[in-house]
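Here is the structure we will look at, set down as structure tokens.
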Amino acid sequence: MSTLVTGIAELVTNDPEAGEGPLGTLAGAALVVSGDHVVWVGAARDAPDADTRVDVGGRAVLPGFVDSHAHLVFAGDRAAEFEARMSGTPYDGGGIATTVAATRAATDDELRGHLRALVEEMRGQGTTTVEVKSGYGLDVEQEARALRLAREVTEETTFLGAHVVPPEYAGRTGEYVALVTGPMLAACAPHARWIDVFCEPASAHAFDGDAARAVLSAGRDAGLGLRVHANQLSAGPGVQLAVELGAASADHCTHLTDDDVDALASGTTVATLLPGVEFATRSPYPDARRLLEAGVTVALATDCNPGSCYTSSMPFCIALAVREMGMTPAEAVWAATAGGAAALDRGDVGRLGVGARADLTVHDAPSYRPLAYRPGVPLARALAI
Ligand SMILES: [Zn+2]
């Protein structure tokens, strides 16, 4: 069964050889989908026949957004904490314990229903691939449960037992790290593709460089890929540890030294920027321009979570990246699609060429540019074929 998608005013391929500019844009384009994959891309006038036809009516089509950083398995919300923060209470990660208590008390079906609703909310804004972390269970059974549920909605599941030290281990971080790297990892690894750690010596609730190294090394030995919450609140050791260990992504990258930037530029680790967090914690934004000019691969993601950033919208993050972080609209769109794919080490998403997954996002405008130009307007949605 093949489908011809036509009426595309502008197609973003992310293949500079297939079209114009760094996004490889094609005007007056069409593409053919067979099964789950793209089998033909080109000018509409040259399009081959297909079994069915979808006319998008002069809209732009982009690769679906790849949201490579999200925390979607949780219960409850922290609107009161947000309200306090907007009145001057600083963010230090301590409120995570509130979500842990609510999540532990929730049934599987409650967590599943909420998780699925968030994934649908994301699709409604153009996201077709999402990474989902555990990290609100923080004991062996609860973390494994979160990852089992996450696996129901995505292949990109991340074990984040080292999110914060849970209240029952207060003052006993070493014992908790032994639990995370031992029985918890053993129970979680079968349901996870990745392991992650909140490496943040500036937070009393998170993990220092030595603990983060122990967690990541154990995860790697268990066959998991590596990701790091790095340099969010201070210029800590997270970014250089991520590069040294060959992590796919260092996420946040808000406070970077010149050595951190040099390390990212010399390695393969993607810098994933999460500007919704700076928006929602009223913090200084990361300097995307500095990273791009150093040659670092940059991704954008939402960090959707109930505490520091409760947005599911990649278009919102694109608008912030352009307005607040010095990225051009094209750079931001690339970072939200191909950049996210790079951060997840995926070659089949984040682009639209022959062999790519048929993850299409349609945009109610003839160009990708209004993603940043019309912030807050619901223009993008995943196209169901
Ligand atoms: Zn996060």
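The values are calculated or read from the model by the stated rules, or taken from the named source; none is laboratory data. Quick caveat, the model's predicted, so the values are computed rather than measured. Note that each Cβ is placed from the backbone with ideal geometry, even for glycine, and that neighbours are counted across all protein chains shown.
Per the conditions (1) free of Cβ contacts under 8 Å to residues at least 12 places away in the same chain; (2) more than 20 Å from Cys309 (Cβ to Cβ), the sole criterion not satisfied by Arg151 is (1).
Just one of the numbered conditions (1) within 16 Å of Asn305 (Cα to Cα); (2) within 16 Å of the ligand (Cβ to nearest atom) is not true of Glu120: (2). Only a single criterion out of (1) more than 16 Å from the ligand (Cβ to nearest atom); (2) closer than 24 Å to Glu156 by Cβ is not satisfied by Ala235, namely (2).
Can you tell me which residue among Arg282, Arg289 is under 25 Å from Leu320 (Cα atoms), at pLDDT below 95 and basic (Lys, Arg)?
Arg282
Taking Asp348, is it under 25 Å from Ala60 (Cβ atoms) and more than 14 Å from the chain's Cα centre (by Cα)? Yes. Taken over the stretch 274-297, the residue count meeting the criterion of being surrounded by fewer than 21 Cβ atoms within 10 Å (Cβ to Cβ) and part of a helix (DSSP H, G or I) is 7. Kindly establish whether Thr25 is farther than 29 Å from Ala106 by Cβ, touching an Asp or Glu at 6+ places or on another chain (Cβ under 6 Å), crowded, with 19+ Cβ neighbours inside 10 Å and among the β-branched types (Val, Ile, Thr). So Thr25 fits the description; yes. Condition check for Ala50 on (1) over 30 Å from His191 (Cβ atoms); (2) assigned by TED's automatic domain parsing to the domain that holds Val197: one failure, at (2). Could you please let me know if Leu320 is touching a Phe, Trp or Tyr at 6+ places or on another chain (Cβ under 8 Å), assigned to a helix (DSSP H, G or I) and at pLDDT 95 or above? Considered against the rule, which asks whether it is touching a Phe, Trp or Tyr at 6+ places or on another chain (Cβ under 8 Å), assigned to a helix (DSSP H, G or I) and at pLDDT 95 or above, Leu320 comes out as yes. Does Ala247 qualify as being touching a strand residue (DSSP E or B) at 6+ places or on another chain (Cβ under 6 Å), under 24 Å from Leu216 (Cβ atoms) and within 13 Å of the ligand (Cβ to nearest atom)? No, not satisfied.
Among the conditions (1) crowded, with 19+ Cβ neighbours inside 10 Å; (2) within 25 Å of Ala335 (Cα to Cα); (3) without any contact (Cβ under 8 Å) to a residue 40 or more places away in the chain; (4) away from the ligand (no atom under 16 Å from the Cβ), the only one that Gln125 does not satisfy is (3). Among the residues that make up the stretch 64-79, is at least one of them under 20 Å from Leu233 (Cα atoms) and assigned to a strand (DSSP E or B)? Checked the stretch 64-79: at least one residue is under 20 Å from Leu233 (Cα atoms) and assigned to a strand (DSSP E or B). Among the candidates Ala342, Ala384, the residue that is closer than 20 Å to Glu155 by Cβ and either at pLDDT below 95 or part of a strand (DSSP E or B) (or both) is uniquely Ala384. Is the stretch 176-192 home to any residue that is within 16 Å of the ligand (Cβ to nearest atom), crowded, with 17+ Cβ neighbours inside 10 Å and on the phi < 0 side of the Ramachandran plot? Yes - at least one qualifying residue is present in the stretch 176-192. Scanning the stretch 75-100 for residues that are of a type in the set (Phe, Trp, Tyr) and within 12 Å of the ligand (Cβ to nearest atom) yields nothing. Residues that are surrounded by fewer than 20 Cβ atoms within 10 Å (Cβ to Cβ) and in contact (Cβ under 8 Å) with a residue 24 or more places away in the chain were ranked within the stretch 256-267; the one that is nearest to the ligand (Cβ to nearest atom) is Gly267. Here is the figure for the stretch 128-144: residues that are closer than 16 Å to Cys317 by Cα and more than 16 Å from the ligand (Cβ to nearest atom) total 2.
Where helices (runs of 4 or more DSSP H) fall entirely within the stretch 129-236, those with at least 2 residues that are charged (D, E, K, R) and under 21 Å from the mean Cα position of the chain (by Cα) are at 140-151.
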